Amino acid sequence: MVPQKAIVTVSQQSHPRYGEEGTIEADAPNHWQQIVTFADGERLWINNADLDAHSVPFPTQPSYPPQYSEAIAALKEQHKQELERLQQELRIGLQSEATARAKAQVIEQIQSLQNLYKQQKEQNIQLQQRLDEMESLRQLEIENQQLKQRIQELENAVEQRPSLRDAARTQQWGNTMTQQATKALNKQVKLALEKTIDLRSLAQEPPKENAQECLRLIGMALKNLASAMNNTQALEAAAIILGSEPTPIAIAYRAEQLQMIPQAVSEIRAMLSKPGCTWQDYWAVAQEYEVIKSDYWAELNSEETDLITALQKASSQPDTIGVGCIVAHADPYRTLYVERGEVVEDLGEELVIAWNCWKEQSKKTDRYFREELRFWKDENQ
């Protein structure tokens with residue numbers, strides 16, 4: 001509603017009545033237009049925005065009875081709250097979807113890295129075996145060259161011996177050279193056999209060392225004899241000594257296992273000798289030889305077996321996180337998983353943690369349940 005006889009001016013330049021004055025003598029047909037009567041009697045509907053009448057309070061919204069206005073306001077508020085709820089649900093859904101996608105990508109990357117590590121480890125084992133074979137061949141080649149060189153020296157000595165008048169002296173010289181060659185060859189053979197096990201010596205007296213190795217070698221020797229002679233009794237004896245079924249396949253498989261014992265003992269002893277060795281460090285090496293545990297265990301001395309038992313007992317007794325403990329977050333998807341913190345207060349079900357990375361921030365501590373934390377371990381070690 002506007003005052004009767006309100007005087008207005010058309011301010012829109014594009015309007016045909018631009019600059020002319022008129023009066024508003026009737027109620028507005030709607031909330032954005034007015035009925036204007038001009039001096040020549042013509043009445044036009046003109047938009048409120050095209051009129052220059054600052055003193056006239058044109059309505060911008062339709063007026064309703066009070067009961068309708070309250071209902072409309074309630075509907076608007078309900079509609080607004082519904083929109084906010086839908087927006088919040090949409091935001092949470094998008095965040096959950098992004099988090100799930102990120103987790104899936106991380107898990108896929110971890111699986112790929114694990115497969116790559118496994119392949120690289122297998123390749124390293126094959127390369128090490130190949131290097132060992134090449135080193136053995138190189139040693140044999142060196143020994144072969146030394147023998148050839150010695151034989152050549154003896155042949156040159158025979159060719160350059162002085163001509164003797166007496167045939168007996170010539171025969172004696174030939175015998176002397178033959179004896180020298182024989183001594184040289186015997187020396188090389190003796191050096192090659194120093195590290196072998198003589199069955200004749202074992203038959204006369206017990207071995208002074210490496211008794212287990214002697215027994216395994218005898219079992220392998222019986223296996224080869226049984227194969228060469230087709231002897232069932234030798235095969236059964238080999239199976240008893242090696243601890244397998246009396247079949248060629250089972251004995252061959254067992255022989256391959258026993259060949260791993262020296263390497264297993266060497267690697268386990270090297271790990272146990274390291275300062276600060278833990279059960280996890282030992283198990284990282286020993287689990288590869290779990291199938292021959294009883295065999296390599298017999299090769300270890302009492303101090304080494306006692307140390308392994310003590311490490312296992314210590315690992316089976318989990319520590320409880322309390323005041324003064326250095327911790328990190330247990331969730332690998334949290335940034336605090338790699339950060340260092342200290343327990344400064346025990347609240348019973350919850351612990352108060354002071355994080356090192358928060359020292360320069362206004363918030364320096366936060367509360368967590370024990371199951372949300374883990375003992376901190378420097379990943380760079």
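The candidates CYS357, CYS277, arranged from most to least accessible area with a 1.4 Å probe in the full protein assembly, appear as CYS357, CYS277.
Per residue, the accessible area of the range 94-157 comes to 89 Å² when a 1.4 Å probe rolls over the protein heavy atoms. Figure note: TYR253, TYR282 ranked by solvent-accessible area, largest first, 1.4 Å probe, ligands and nucleic acids not counted: TYR253, TYR282. Normalised per residue, the accessible area of the range 295-336 is 61 Å², obtained with a 1.4 Å probe and no contribution from ligands, DNA or RNA.
For MET134, MET260, MET271, the ranking by accessible surface with the largest value first comes to MET134, MET260, MET271, using a 1.4 Å probe.
Using θ = phi - 60° in the Karplus curve 6.51 cos²θ - 1.76 cosθ + 1.60, the 3J(HN,Hα) couplings for the range 149-156 round to 4, 5, 4, 5, 4, 5, 5, 5 Hz; x is entered for Gly and Pro.
Rounded to whole Å, give me the distance from the Cα center of the range 98-126 to that of the range 269-287. About 25 Å separates the Cα centre of the range 98-126 from the one of the range 269-287.
By a 1.4 Å probe calculation restricted to protein chains, HIS329 has an accessible surface near 10 Å², given to the nearest 10. Within the shell of other residues whose beta carbon sits under 15 angstrom from the beta carbon of GLN34, the net charge comes to -4, with Lys and Arg scored +1 and Asp and Glu -1. The modelled label-to-label distance for the pair ALA104/ALA330, using points 7 Å beyond Cα in the direction of Cβ, is 2.7 nm. Rounded to the nearest 10 square angstrom, ILE326 shows an accessible area of 50 square angstrom against a 1.4 Å probe.
The values are calculated or read from the model by the stated rules, or taken from the named source; none is laboratory data. As the structure is a prediction and not an experimental result, all values here were calculated from the model. Heads up, the Cβs are rebuilt from the backbone with ideal geometry, glycines too, and the neighbour counts pull from every protein chain shown. Accessible surface is based on the protein model in full, side chains and every heavy atom, while ligands, DNA and RNA are left aside. Shrake-Rupley method; radii C 1.70, N 1.55, O 1.52, S 1.80 Å.
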